[in-house]
Amino acid sequence: MRRVTPTLTLAVCALLVTALPARAADRQPAHLDSYGTKAPYTPQQSPRSYQRPPAGFTPVFTENVSRHGSRAATDSEDGDLILALWDKAQGSGQLTRRGAEFGPKVRALLAEMARVGYGNLSARGKREIQDTAVRTAERLPSLFTKIVADGEKIDVVSSGQGRAVDSGNLFAAALAGTDPALKPLIGPTRTDKDLLYFHKADGGAAYRDYIENDQRLASTLAGIIDQPKTHTAARRVLRKIFKDAFVEQLPDADRVAAAQAVHNLYAIAPAMSEESPGGDGWGMQRYISASDAAWFGYLGDAEDFYEKGPGFADSDITYRMADVLLDDFFAQVEAKRDGTGTLGAELRFTHAEEIIPLAALMGLPGSTQPVTADRPYTRGGNPWRGASVAPLGGNIQWDVFRKGGRYLVRMLYNEKETAFRADCHPVSKGSKFYDLDELERCFGRA
């Protein structure tokens, strides 16, 4: 999360001050929203409730794109920042009773993240990916039987970044574990940066310029962060750890940065739950209230919304580069239909920077509502939540079914059967199955 404290206009402040979380009845528990895109993965629907395909249709192909599983923090910056303050406060007797426990816990968490490797999959993250693979096999048993019988190949591709490569390897191994006959059909995990790391590839050049130089983006995010509610929440967070006099002598910007660091440690702790003493979590919720965690979670979501998600209504710069990935989804299904493909499954592993714009490009639930400059992103006014759009281990899957020359597609979003955007028409009212030619029409590929 950006740590900035520019001047906030009264107009923006008035729009934002009511931006505490609002939750729809069909979303995951509200506390997960406070983790943002660091939320650990949970499948969003029981496989027992999936719709059956129309009579006579059998599965012939499946494909996915998955974010890597839960991981350690990418570096020690947050821990180092807050521990520097903690050491100073300890030396001057300025810790609260609760705060005295905080430093050792943070040091233990940092030590475990260093042992795992900063940015690497945690034990929980490995299990998330493996379990998703097993559920994929259980969802489509006849497909994988057919893949073995026909000798079709399963392609595994990643961004080339360590945690995405590891996720692909773990998924492939777990899938092979459901039927050893699959193992020789699964290719080694290959790298395609243009497809699965496009925000850093040549196709993301305009996007990177937007992130680095767009003044409207910078001023909007600055205004969202630097408002009275942020400063009030920062004081509350720090007062759980440090005595009031210590908190008050800190500059405003330092208070906000320190509180953000506490929140970031709180948010990453569930991803590292299996590395905690006794496997029972790190207890970071003791150092930030639910309401303050929700507020700082909102600030993180705002940054992701504007930098990767639906963003401003008059621009598609944040998500148009995801077209290369959507195009590949269609190309794989069309190759199956046209008889030019040799794959039974295409498995892709990537990052939030790819999942979030793809969700916006596809118009997936929660990613359909951009904002205008004079009405910024708030949780009360927009359904976008990082924990729902791109949790750690989050995924989009298409299952393809055939009857004669007709092909149907079903989409799962975080393993929940999900309708395509509203201008795409399913085979019948309420169905989650769509004719491929209808999707081609709907997405402008016909």
Computed about the Cα centre, the charge dipole of the chain from +1 Lys/Arg and -1 Asp/Glu charges at the Cβ has a magnitude in debye, to the nearest 20, of 1280
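Rolling a 1.4 Å sphere over the protein heavy atoms, what is the accessible area per residue of the chain, to the nearest Å²?
Value for the chain: 40 Å² per residue.
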Both in Å, the radius of gyration and Dmax of the C-alpha trace of the range 297-446 are 16.1, 53
Helix-only [θ] at 222 nm, the chain, -39500 (n - 2.57) per DSSP H run of 4+, per residue, nearest 500, equals -14000 deg cm²/dmol
Taking only C-alpha positions in the chain, Rg and Dmax in angstrom work out to 22.9, 78
Note, K146: beta-carbon cut-off 11 Å, +1 each Lys/Arg, -1 each Asp/Glu, net -1
The percentage of the accessible area of the chain (probe 1.4 Å, all protein chains present) made up of carbon and sulfur atoms, to the nearest whole number, is 51
Expressed in angstrom and rounded, the centroid-to-centroid distance over alpha carbons for the range 383-424 and the range 72-120 is 40
Straight-line reach check, K38, cutoff 24 Å on alpha carbons, 8 or more apart in-chain or any other chain, hits among lysines -> K105, K126, K193, K200, K229, K240, K308, K416
Computed over the range 320-392, the relative contact order (Cα-Cα under 8 Å, seq sep at least six) in percent reads 33
In whole µm²/s, the translational diffusion coefficient that Stokes-Einstein assigns to the range 209-262, given a Kirkwood hydrodynamic radius over C-alpha pairs, 20 °C and 1.002 mPa s, equals 175
Per its Cα gyration tensor (rounded if a/c is under 1.5, else prolate when a/b beats b/c, else oblate), the range 168-325 is best filed as oblate
With Cα coordinates, the longest principal axis of the chain makes an angle with the long axis of helix 290-308, in degrees rounded to 10, of 50
The answer for I186, listing residues at least 5 apart or on another chain whose modeled amide H is closer than 5 Å to its amide H, is I154
Sequence order, the range 345-356: Karplus ³J(HN,Hα) from phi using 6.51 cos²θ - 1.76 cosθ + 1.60, θ = phi - 60°, Hz rounded, Gly and Pro as x, gives 7, 10, 10, 10, 9, 8, 9, 4, 5, 9, 5, 5
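The values are calculated or read from the model by the stated rules, or taken from the named source; none is laboratory data. Remember, predicted model here, so these are calculated numbers, not experimental data. When we count neighbours, we look across all protein chains shown, and the Cβ atoms used for this are built from the backbone with ideal geometry, even at glycine. Note: areas computed on protein heavy atoms with side chains; ligands, DNA, RNA excluded. Shrake-Rupley method; radii C 1.70, N 1.55, O 1.52, S 1.80 Å.
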